[in-house]
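Encoded as structure tokens, the structure appears first; notes follow it.
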Amino acid sequence: MTIENEVVIEEFIRNHQKDLYRFAYSYTKNSNDALDIVQESVYKALKYSNALKEQDKVKTWLFTIIRNTSMTFFKKRNKEVPLSVVKEKSKAEKISKAERIYLKDLVQSLDEASQELIKLRFYEDLQFNEMAKVLSVNINTVKTRFYKVLEEVKENY
Amino acid sequence: MKDNFEALKKEYKNIPVPENLNDVINRGINNYRKEKKRMKNKKIFKSIIAASLLILSSFTIGVNTSESFAMTAEKIPGVSVLVKLVSFESFKIEDEVVNANVNIPAVEGFESETVEEQINQEIQEKMNMHLEEGKLKAKENKEAFIETGGKEEDYRPMIIEIDYSLKSSIDNQISFAVHYFESMASSYSKTYYYTIDLEEDKLLTLKDLLGKNYEDKINQQITEVLEESPSEYFQGEMGFKGISENQNFYINDANQIVVVFDKYEIAPGSSGEPEFIIEE
């Protein structure tokens, strides 16, 4: 007999609490909000466990829920949704090369959507197809956007 | 380039985690469990209502899968009773969340109009309840599908089918099933069985057919079958633990009593809705 989705999801949640929290925090930048989002996402994931199509994709799937829950959370709060479309920055907005001594500053100077791509790829080690799932966009879009961001970083590093 | 990000990754992974994270996770899980329990209780409550109706009209409820068409007991050779099983209400729903094909039956020609009405009303109410619940579930599921990363254009509406089948019509007795089926990521189905003594205008129970010791009789026979092929059924905690008070059953064409279980009740989904012929 196959193990039920619900069981797989709960086990993953229990074993990866910190990963889930951290991922929520990366959106909210605030501990209390991140906890709210984790609680809500855990509930949603179990309630809609049917929606998980492949059990080995449970991590990506939970990340997708956390991201979407964060987006909804921002919308409800009438906050600006931090990750909409990649915004083209004007030259004036760009910080001069001399100031960008550290990669961290460089990353932080990017728009939110670009930072998110770096986060998913380099910090969470997701594959492009997984990133596409989490971001609910086409895999080619993810690749194009990601390489564009990488180019931008390289150029200024 | 990736290596350059190692230090940042480390920093990212070192975000301090609040002490109460575990409590928050547990709260999320418990909220879900509580709701699940509430849904279950709701179902139990409904079956209690159903059970009390059973006592009033002594009637049986059950499960089955077979497809069916409008049938009348009249058409079966050798049957002279005028009671008919007819299609009472037939319609389709096609919208963005549900595709439903509904065909609800009714019985006709009873001597006692009260009993006839009672049975028909019961069937109507049960099927309308399932249909409404199904529609609500479909709506929620669509929302969840989108929220959990699905694309609007990939969404397939829930399929709902309500139909009935005449199981047998022998002497002054008819047995039929009313079947509710829904299918999404997983499928759900529920069938209600009615076996009626037409001479007495009475819904029959297993006790009526097999006598006082009906439980022992049935349990013993089912246990024997289960032991022959244990791999097809759940074992231990989840396995068969005796028939329930309102065990589903019908009478087949060979005038045998067939006891039926819900899908997943005593066996994995692959075994469908197990049926057992009971020798009298």
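Throughout, read-outs are computed from the coordinates displayed, never taken from laboratory work. Everything numeric in this text was worked out from a predicted model, so none of it was measured. Cβ coordinates were reconstructed from backbone atoms using ideal geometry, including for glycine residues, and neighbour counts include every protein chain displayed.
What to note about this one:
- Förster-model FRET efficiency, 22 Å R0, B:D262 and B:V225, C-beta, rounded to 0.05: 0.80
- Per-pair calculated FRET efficiency, R0 = 22 Å: A:N156 and B:D3 via Cβ, rounded to 0.05: 0.80
- Simple label model, 7 Å out from Cα along Cβ direction - B:S87 to B:E215, nm: 4.2
- In sequence order, calculated HN-Hα J values of the range B:10-26 (Karplus, 6.51, -1.76, 1.60; Hz; x Gly/Pro): 4, 4, 4, 6, 9, 4, x, 9, x, 4, 8, 4, 4, 4, 5, 4, 4
- Couplings for the range A:41-48, taken from phi via the Karplus curve 6.51 cos²θ - 1.76 cosθ + 1.60 with θ = phi - 60°, read 5, 4, 4, 4, 4, 6, 5, 10 Hz in order; Gly and Pro are left as x.
- Listed pairs A:K59/A:K154; A:K47/B:K126; A:K53/B:K126; A:K57/B:K9; A:K154/B:K10 exceeding 28 Å between Cα atoms: A:K59/A:K154; A:K53/B:K126
- Dividing the mean sequence gap of close Cα pairs (under 8 Å, 6+ apart) by how many residues the range A:1-80 holds gives a relative contact order of 37 percent.
- Spherically averaged projected area of the range B:168-280 from its Cα convex hull (nm²): 7.9
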